[in-house]
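The structure appears below as structure tokens.
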Amino acid sequence: MTHTTRLAVPIFSETVDRLRESIFAAIDAGATLLELRLDLCAEISDDNVRTAVSNLPPNLLLLLTNRSSAQGGECPDDDIDRLSRMDRLAPWFDLIDVELETWRASERHRDLVRQALAEPGERPAQVEVHRRRRLVLSLHDFRGRPKSMQNDLLACADEPSCDIVKIAWHARSVRDCFEAFEIMRTCPKPAIAVCMGSLGVLSRMLAPKFGAFASFASLDRQTSTAPGQLAIRDLKRTYRWDALDASTAVFGVIGHPVSHSLSPAVHNAVFAETRTNAAYVPIDVAPGYESLKAFLLEVEAKPQAGFRGFSVTIPHKEHAIRFLRECGGAIDAIAERVGAVNTLAFDSDSGWRGTNTDYRGAVAAITAGLEKSSRHIGGLRALVLGAGGASRAVVAALVDLGADVTIANRTVERASGLAAEFGVQLMTWDRRAESSPGLIVNCTSVGMTPDTTATPWSGDGFAGNPLVFDTIYAPADTQLLRDARAAGCSTVGGSAMFSNQAAAQWEFWMGTSIDAGTYDQATAGAMAASVEPFGAPTDF
Ligand code: ATR
């Protein structure tokens, strides 16, 4: 069953023509509720506002807001003038938004609002669907969670004139979103609960799952009216807005930063392609073990939120294995071998499980490269550049495949630790060009967007015609790969490892296999569609 949550877009402009253009652009993009921000339309007369909102589709809801500066708006008028203007325009709207503090301030305010609610309507939706205009009572806090939040929500719910409760506050951590989910799910009246800021995006993306009355999106990436507000097209195309319902399973990538990860676009594309009732979101968890642990314990404590699995990226891969050890979760043999977990699954009956799919991604990418260049791995001299999280999975995979592995890293202490752990050789960073390996694997971030002309290997140092594998996937074609091809070497790009590790995550979460081509296609599509630089070179 499809959900009934309205996709709301705030509309404002300095001229009536542009206002009308924005309205139609929002309708075209899929908005089902338009919020006219009167306080951001100071130059437009009442008559022109009426013209702008006339003759719009009847199934579209129109909300009138004239936000005070005390609640984050820009209306310069005193409360009486502000409410009087809303009263004059109310007949052209289905809903009006009034701040709880304005409503509480005086009987005069409440009389004006009741008058605005009672004016005969000009829009068919009011007559046919709701019979009368509805009141949204709203609360905003741009600094953090309001202390009196629970009491204020109860006051709104108890107020007979209030039809819809709206609360928006600045999220201090991603865990605030869980409180927003509970408000949407359990409020006795239809509710809008928004966590503002980059840590609150889940409250906007997942609102339909929790039965919210509406979620707010901006017309495009430039016209957001609140921090963390996403563009309507991103919500619909990338985050599966139309497919969400109460039983949607939620997956996500945990990292810091995560906003530029390719994983949401790729996994959501596969969920859509396979008609899986699931959605995948970016989850920004602050660095440090305690932050990850607090988030995962919240997931465990609130199974009704529907979180079922996570990709784990920088800086939490080693924290994730520690969490599993502490909570008695199941760590599979590959994650133990690599010493890090990049994939978690959660089930409220069976608890936590973890694996490392970077390992499988590396094996698949290396094997494909060997086939392409007709080489055998047994005894092949492999030089791994870098000693971070990606190197760990690559070194483990190469050793298990039978290669003769050497590690070179800028910081020698890091490389020596890794070399000792996996029983492989060590080479100093400065002397790396003196070796002539049969396989070079770049696991450093050198060459990633935006510094795309950088390379960890000298352009004329490909003696012996090695196979060259770059784990960086942004850009798809790195300077290292270009130089290697120019020298006649076979190459493998980072997208092969990315899509193979993502396919392995699907299998770990869903318990069924998936055709590798499905993830190859989704990865290629997401890379082609992406216009922004990615946050990390190996942000699998
Ligand atoms: P990941 O988990 O993706 O591997 P990481 O743990 O941050 O990410 O590791 C990044 C790798 O890139 C490290 O090996 C790092 O070298 P240091 O250990 O010396 O930091 C390497 N790296 C980053 N910038 C580099 C540069 N300019 N030159 C050489 N190596 C670099």
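The values are calculated or read from the model by the stated rules, or taken from the named source; none is laboratory data. Being a predicted model, the structure only gives us computed values, none of them experimental. Heads up, the Cβs are rebuilt from the backbone with ideal geometry, glycines too, and the neighbour counts pull from every protein chain shown.
Say we look at the range 289-321 and pick out the residues that are more than 17 Å from residue 353 (Cβ to Cβ) and free of Cβ contacts under 8 Å to residues at least 24 places away in the same chain; which of these is nearest to the ligand (Cβ to nearest atom)?
290
Would you call residue 453 polar (S, T, N, Q), in contact with a Gly (Cβ under 7 Å, 6 or more places away or on another chain) and assigned to a loop (DSSP other than H, G, I, E, B)? Can you show your working first?
Values: polar (S, T, N, Q): yes; in contact with a Gly (Cβ under 7 Å, 6 or more places away or on another chain): no; assigned to a loop (DSSP other than H, G, I, E, B): yes.
Taking the combined requirement at face value, the residue does not satisfy it.
Which numbered condition in (1) touching a residue at least 60 places away in the same chain (Cβ under 8 Å); (2) farther than 25 Å from residue 143 by Cα is the only one that residue 216 fails?
Status for residue 216: all satisfied but (2).
I'd like to know if the range 257-268 contains one or more residues that are within 19 Å of residue 217 (Cβ to Cβ), among the aliphatic types (A, V, I, L, M) and in contact with a helix residue (DSSP H, G or I) (Cβ under 7 Å, 6 or more places away or on another chain).
Looking for residues that are within 19 Å of residue 217 (Cβ to Cβ), among the aliphatic types (A, V, I, L, M) and in contact with a helix residue (DSSP H, G or I) (Cβ under 7 Å, 6 or more places away or on another chain), one finds at least one in the range 257-268, hence yes.
Which condition from (1) crowded, with 20+ Cβ neighbours inside 10 Å; (2) within 16 Å of the ligand (Cβ to nearest atom) is the one that residue 505 breaks?
With respect to (1) crowded, with 20+ Cβ neighbours inside 10 Å; (2) within 16 Å of the ligand (Cβ to nearest atom), residue 505 is out only on (2).
Test of understanding: among 461, 447, which residue is buried (at least 18 other Cβ atoms within 10 Å of the Cβ) and part of a loop (DSSP other than H, G, I, E, B)? Quick ask: steps written out before the conclusion?
Working: 461 fails: buried (at least 18 other Cβ atoms within 10 Å of the Cβ).
The conditions single out 447.
Looking for whichever is out of contact with any helix residue (DSSP H, G or I) (no Cβ under 8 Å at 6 or more places or on another chain) and either surrounded by 20 or more Cβ atoms within 10 Å (Cβ to Cβ) or closer than 26 Å to residue 32 by Cβ (or both) here; the options are 81, 97, 87. Which one fits? Please lay out each step first, then the result.
Working: 81 fails: either surrounded by 20 or more Cβ atoms within 10 Å (Cβ to Cβ) or closer than 26 Å to residue 32 by Cβ (or both); 87 fails: out of contact with any helix residue (DSSP H, G or I) (no Cβ under 8 Å at 6 or more places or on another chain).
Selected residue: 97, the only one of 81, 97, 87 that is out of contact with any helix residue (DSSP H, G or I) (no Cβ under 8 Å at 6 or more places or on another chain) and either surrounded by 20 or more Cβ atoms within 10 Å (Cβ to Cβ) or closer than 26 Å to residue 32 by Cβ (or both).
Taking the range 471-494 on its own, how many of its residues are over 21 Å from residue 391 (Cβ atoms) and crowded, with 24+ Cβ neighbours inside 10 Å?
0
Looking at 441, 468, which one is of a type in the set (A, V, I, L, M), at pLDDT 95 or above, away from the ligand (no atom under 13 Å from the Cβ) and buried (at least 24 other Cβ atoms within 10 Å of the Cβ)?
Details: 441 fails: away from the ligand (no atom under 13 Å from the Cβ).
Result of the check over 441, 468: 468.
When you go through (1) at pLDDT 95 or above; (2) part of a helix (DSSP H, G or I); (3) not small (Gly, Ala, Ser) one by one for residue 127, which number turns out not to apply?
Result: residue 127 fails condition (1) only.
Residue-by-condition table, conditions (1) within 26 Å of residue 156 (Cβ to Cβ); (2) more than 37 Å from the chain's Cα centre (by Cα); (3) not aromatic (Phe, Trp, Tyr):
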{"position": "19", "(1), (2), (3)": "no, no, yes"}
{"position": "23", "(1), (2), (3)": "no, no, yes"}
{"position": "41", "(1), (2), (3)": "no, no, yes"}
{"position": "74", "(1), (2), (3)": "yes, no, yes"}
{"position": "117", "(1), (2), (3)": "yes, yes, yes"}
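Taking the condition of being more than 15 Å from the ligand (Cβ to nearest atom) and without any contact (Cβ under 8 Å) to a residue 40 or more places away in the chain, how many residues in the range 336-349 meet it? Break it down into steps so the answer makes sense when it comes.
In the first step, residues of the range 336-349 are kept if they are more than 15 Å from the ligand (Cβ to nearest atom); the result is 336-337, 344-349.
Still in the list and also without any contact (Cβ under 8 Å) to a residue 40 or more places away in the chain: 336, 347, 349.
Final tally of qualifying residues: 3.
Of all the residues that make up the range 149-179, how many are within 30 Å of residue 112 (Cβ to Cβ) and in contact (Cβ under 8 Å) with a residue 24 or more places away in the chain?
Going residue by residue through the range 149-179, those that are within 30 Å of residue 112 (Cβ to Cβ) are 149-170.
Right, trim to in contact (Cβ under 8 Å) with a residue 24 or more places away in the chain and you get 152-153, 155-157, 159, 161-170.
Matching residues across the range 149-179 total 16.
Out of the residues in the range 427-438 that are without any contact (Cβ under 8 Å) to a residue 60 or more places away in the chain, more than 13 Å from the ligand (Cβ to nearest atom) and not in a helix (DSSP H, G or I), which is surrounded by the fewest Cβ atoms within 10 Å (Cβ to Cβ)?
Checking each candidate, the answer is 436.
Do we find that residue 404 is of a type in the set (Asp, Glu), surrounded by fewer than 19 Cβ atoms within 10 Å (Cβ to Cβ) and at pLDDT 95 or above in this structure?
Working: of a type in the set (Asp, Glu): yes; surrounded by fewer than 19 Cβ atoms within 10 Å (Cβ to Cβ): yes; at pLDDT 95 or above: yes.
Against the criterion (of a type in the set (Asp, Glu), surrounded by fewer than 19 Cβ atoms within 10 Å (Cβ to Cβ) and at pLDDT 95 or above), residue 404 qualifies.
What are the residues in the range 20-53 that are in contact (Cβ under 8 Å) with a residue 24 or more places away in the chain, outside any loop (DSSP other than H, G, I, E, B) and farther than 18 Å from residue 216 by Cα, if any?
20, 46, 48, 49, 50, 51, 52, listed by residue number.
Condition first: farther than 11 Å from residue 383 by Cβ and not hydroxyl-bearing (Ser, Thr, Tyr). Now tell me which residues in the range 432-460 satisfy that. Working first, answer last.
Kept after step one, since they are farther than 11 Å from residue 383 by Cβ, are these residues of the range 432-460: 444-455, 458-460.
446, 447, 448, 450, 451, 454, 459, 460 - these are the residues of the range 432-460 that are farther than 11 Å from residue 383 by Cβ and not hydroxyl-bearing (Ser, Thr, Tyr).
Would you pick out the residues in the range 220-242 that are in contact with a helix residue (DSSP H, G or I) (Cβ under 7 Å, 6 or more places away or on another chain) and of a type in the set (Gly, Ala, Ser)?
Answer for the range 220-242, where residues must be in contact with a helix residue (DSSP H, G or I) (Cβ under 7 Å, 6 or more places away or on another chain) and of a type in the set (Gly, Ala, Ser): just 228.
State yes or no: is residue 395 within 33 Å of the chain's Cα centre (by Cα), touching a residue at least 24 places away in the same chain (Cβ under 8 Å), in a strand (DSSP E or B) and within 13 Å of the ligand (Cβ to nearest atom)?
Details: within 33 Å of the chain's Cα centre (by Cα): yes; touching a residue at least 24 places away in the same chain (Cβ under 8 Å): yes; in a strand (DSSP E or B): no; within 13 Å of the ligand (Cβ to nearest atom): yes.
No.
Which residue, of 403, 415, is hydrophobic (A, V, I, L, M, F, W, C) and more than 15 Å from the ligand (Cβ to nearest atom)?
On the way: 415 fails: more than 15 Å from the ligand (Cβ to nearest atom).
Only one candidate passes the filter, namely 403.
Can you go through 370, 385 and tell me which one is under 18 Å from residue 442 (Cα atoms), within 16 Å of the ligand (Cβ to nearest atom) and over 27 Å from the mean Cα position of the chain (by Cα)? Step through it out loud before you land on a result.
Working: 370 fails: within 16 Å of the ligand (Cβ to nearest atom).
Going through 370, 385 in turn, the sole match is 385.
I need the helices (runs of 4 or more DSSP H) fully contained in the range 149-226, keeping only those with at least 3 residues that are closer than 25 Å to residue 238 by Cα. Outline the logic, then answer.
Working: elements: 149-158, 176-186, 201-205.
Passing ranges, in order: 176-186, 201-205.
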